[in-house]
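*Asks:* Before anything else, here's the structure in question.
The values are calculated or read from the model by the stated rules, or taken from the named source; none is laboratory data. Quantities reported herein were computed from a predicted structural model and do not represent experimental measurements. Methodologically, a virtual Cβ is constructed for each residue, glycine included, from the backbone with ideal geometry; neighbour enumeration extends over all protein chains shown.
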Amino acid sequence: MMLITNITSLMIMLSIVLIILNWIMKKNKNMMNKFNIFECGFQPFNSPRITFSLPYFMITLIFLIFDIEISLIFPFIISNNKIELIYLNPLMLIFIICLIKGLYIEWMNNALEWINL
């Protein structure tokens, strides 16, 4: 038990020392070339920032969230032969309610509308 305590305290002290050393020795120089785009040594032809559609990003985010939730539901559906609401266990029922509530909130905030974003 004493060995575990000693190793843990040594690890904590070493972590603190390394964090302090990093803070002391860090370079505060902000070189402009560090933030420029590198295109084989040439100046960039276009702006480095690419604009993207915010509605597209929001729809993609919503799709990703609901896709992950639905992929978590599939193993439960496959494991049960009877797909009725009565046979769903409470955890899966809460999960489906959260999924429907999230969809309702997105609908009420007009996040599913392409033009209103």
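*Asks:* Here's a check for you: in the range 50-84, which residue that is loosely packed, with under 10 Cβ neighbours inside 10 Å, hydroxyl-bearing (Ser, Thr, Tyr) and assigned to a helix (DSSP H, G or I) is modelled with the highest pLDDT?
*Replies:* For the range 50-84, the residue satisfying everything is Ser71.
*Asks:* Of all residues in the range 85-113 being modelled with pLDDT under 75 and outside any helix (DSSP H, G or I), which is surrounded by the most Cβ atoms within 10 Å (Cβ to Cβ)?
*Replies:* Ranking the qualifying residues of the range 85-113, first place goes to Leu88.
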